[in-house]
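Below is one structure; the comments refer to it alone.
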Amino acid sequence: MSETAEHVVVVGGGHAGVQTALSLRERGWAGRVTVLSADHEPPYERPPLSKGWLKGAVEDDGLAFRPAATYAEQGIEVRTGVRVERIERTAREVRWAAGSLRYDHLVLALGARPRRLPVTGADLIGVHALHTHSDALALRAALDRARSVVVIGAGFIGLEVAAEARRRGCDVVVVEAGERVMQRALTPLMSSFFADRHRAAGADLAHGVVAAELLGRDGRVTGVRLSDGRRVPADLVVTGIGVEPNCDLAREAGLHCDDGVVVDEHLRTGDPRISAIGDCASFPVDQRRIRLESVQNAVDQARLVAARLTGEPRAYREVPWFWTDQHGGKLQMAGLTADSDTHVVVGSVDDARFTVLCWRAGVFVGGESVNRPGDHITVRRLLADGVPLDPAAAAAPGFELKTHLRHALGAAA
Ligand SMILES: Cc1cc2nc3c(=O)[nH]c(=O)nc-3n(C[C@H](O)[C@H](O)[C@H](O)COP(=O)(O)OP(=O)(O)OC[C@H]3O[C@@H](n4cnc5c(N)ncnc54)[C@H](O)[C@@H]3O)c2cc1C
């Protein structure tokens, strides 16, 4: 059985893969642990690439998960520059161009890759995506020279880059197919708060249009033709139109994939010796399946698999949370709020210190907090402990989230 495995092989050296190895050791796993990573650099964090690192406030060595020596000290073998090409499930072996390795348990932590813009001109010089450290190096160098920036896609990464481009004084146009910014993850109220912030900082937001063509001269981008016919000049185009999970390896090994490697509530694939976690995994929540692209999800799923492999299996029920920084607004989200239907705002929108509390079908499902870290932590506690919250109570004058939590926990004790 996998639970008594001797050699855990992790494919993927991102948040999920590295955390699996570290958690196994924290939990006393005495067997062999190997992390195989296609990246050529030691494992690093992605979130700063569009935030502090892009601004120059975080150095390169501030990106590393752990000092390189930690892995050796912990008996974790990290092999970089290894792109696994095949899983031989019968032989329990992973193979790559120059080698192979046997596993007793295999953890797929393959991450995702940015979606490519499907239009003419997408390969012109000056068109950038942001996913890896080398993408970030190229983008930061391009920003140093840029004057007119078009960001395609008003998701988290696109908007963080847009904010940095404005901070540097570039003209910025954000092109978004949907009706509002960060639509996939946020309530309309929060989208509109951040849209106002970007506009106030001087960015132009074009909604309900897509990039029809990237225009160029001598192989270099010069602008974007939009679906409504407008032409927007640009010497730098940044695409942030979402990611696709890396599933090919799993699919070719006969594992079920459907917008991610399909796993059960214990994060096992159809093969009990193979788990899948992080950005690449599609897992069940209530009556549906979701795939999350967040550090919290990658880390918590890694911990859960490490717990199972060391004899403490449990179902994955962690509260999702996420954060973003844009124009001095630190947004922290807890729960899944995008399709909520009832909202109550606590705090002051005018002072940019508020929380949108969210319900779906009468059930409290989470909160989105701007510059209110205390609210964010409290919402996470409410969700984790299943503490009910009534919209009418939350809307009453003098309502305090922390007091509500304290009373609820006191009453339960
Ligand atoms: C610019 C940027 C900003 C972000 N900001 C935030 C944020 O503010 N908050 C937040 O919560 N999340 C943020 N995210 C998302 C977060 O970084 C991801 O959710 C997280 O990295 C997922 O971890 P993962 O281990 O599942 O995947 P990844 O970190 O993508 O790691 C996957 C690893 O698998 C390797 N790999 C893939 N295929 C193979 C193969 N065949 N063989 C060997 N190795 C392979 C890859 O090289 C990579 O090392 C951001 C992401 C980006 C790109």
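The values are calculated or read from the model by the stated rules, or taken from the named source; none is laboratory data. Everything numeric in this text was worked out from a predicted model, so none of it was measured. FYI the Cβ positions are ideal-geometry reconstructions off the backbone, even for glycines, and counts take in every protein chain you see. The accessibility values were calculated without ligands, DNA or RNA, using every heavy atom of the protein model including side chains. Shrake-Rupley method; radii C 1.70, N 1.55, O 1.52, S 1.80 Å.
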Under the helix-only model (-39500 (n - 2.57) for each DSSP H run of 4 or more, divided by the residues of the chain), the mean residue ellipticity at 222 nm, to 500 deg cm²/dmol, is -7500 deg cm²/dmol
Amide H of Ile152: which non-local residues (sequence gap of 5 or more, or other chain) have their own amide H closer than 5 Å, using H built in the peptide plane? Val175, Val238, Thr239, Gly240
Among bridges DSSP assigns within the chain, what percent are antiparallel (round to 5)? 60 percent
Given Cβ charges of +1 for Lys and Arg and -1 for Asp and Glu, the option among Val35, Ala57, Thr337 whose Cα lies farthest towards the positive end of the dipole of the chain is Ala57
Percent of beta bridges antiparallel (DSSP, region 137-234, rounded to nearest 5): 50 percent
Quick check: Cα centre of region 351-413 to Cα centre of region 271-332, how many Å? 22 Å
Tell me, what is the percent relative contact order of the chain, built from C-alpha pairs under 8 Å that lie six or more residues apart? 15 percent
Under the rule a/c < 1.5 gives rounded, and otherwise a/b versus b/c splits prolate from oblate, where does region 158-229 land using the Cα gyration tensor? oblate
Whole-Hz ³J(HN,Hα) for each residue in region 237-251, computed from phi via Karplus 6.51 cos²θ - 1.76 cosθ + 1.60 with θ = phi - 60°, x for glycine and proline: what do you get? 10, 10, 9, x, 10, x, 10, 10, x, 7, 10, 3, 4, 5, 4
How would you order 388-396, 29-37 from highest to lowest mean count of nearby Cβ atoms within 10 Å? 29-37, 388-396
Counting alpha carbon pairs within less than 8 Å and at least 6 residues apart, what relative contact order, in whole percent, applies to region 160-283? 14 percent
Placing +1 on each Lys and Arg Cβ and -1 on each Asp and Glu Cβ in the chain, then taking the dipole about the Cα centre, the residue among Val181, Ala253, Ala146 whose Cα reaches farthest towards the positive end is Ala146
Say each of Ala69 and Arg89 gets a label point 7 Å from the Cα, pointing the same way as Cα to Cβ; how far apart are those two points in nm? 4.3 nm
Please get the size of the charge dipole for region 1-111, origin at its Cα centre, with Cβ charges of +1 on Lys and Arg and -1 on Asp and Glu, quoted in debye to the nearest 20. 260 debye
Taking θ as phi - 60°, what are the ³J(HN,Hα) couplings along region 81-98 by the Karplus curve (6.51, -1.76, 1.60), each to the nearest whole Hz, with x for Gly and Pro? x, 10, 9, 5, 10, 7, 10, 9, 5, 5, 7, 6, 9, 10, 10, 9, 3, 10
Among Leu108, Ile241, Leu124, whose Cα lies farthest out toward the positive end of the dipole of region 97-247, if unit charges sit on the beta carbon of Lys, Arg (+1) and Asp, Glu (-1)? Leu124
For region 220-348, what is the relative contact order in percent, using Cα pairs closer than 8 Å and at least 6 residues apart in sequence? 13 percent
Among all cysteines in the chain, which have no other cysteine Cβ under 4.7 Å from their own Cβ? Cys170, Cys280, Cys358
Treating the beta-carbon of each Lys and Arg as +1 and of each Asp and Glu as -1, no other charges, what is the dipole magnitude of region 328-412 about its Cα centre, to the nearest 20 debye? 280 debye
Classified through the alpha carbon gyration tensor (a ≥ b ≥ c as square roots of its eigenvalues; rounded if a/c is under 1.5, else prolate when a/b is larger than b/c, else oblate), the chain comes out oblate
Let's test the formula: R0 of 45 Å, r as the Cβ-Cβ distance of Gln287 and Lys55. What FRET efficiency results, to the nearest 0.05? 0.60
Long-range amide H partners of Arg353 with built H, under 5 Å: Ser348
What are the ³J(HN,Hα) values, in whole Hz, obtained from phi via the Karplus relation 6.51 cos²θ - 1.76 cosθ + 1.60 with θ = phi - 60°, for each residue of region 264-280 in sequence order, with x given for Gly and Pro? 8, 5, 9, 6, 9, 6, x, 9, x, 8, 10, 10, 9, 9, x, 4, 8
Charge dipole magnitude, Cβ of K and R +1, D and E -1 - the chain, Cα centre, debye nearest 20: 220 debye
Per residue, how large is the accessible surface of the chain? Use a 1.4 angstrom probe and give square angstrom. 45 Å²
What is the set of long-range amide H partners of Ala276 at a cut-off below 5 Å, with H atoms built 1.01 Å from backbone N? Leu108, Thr269
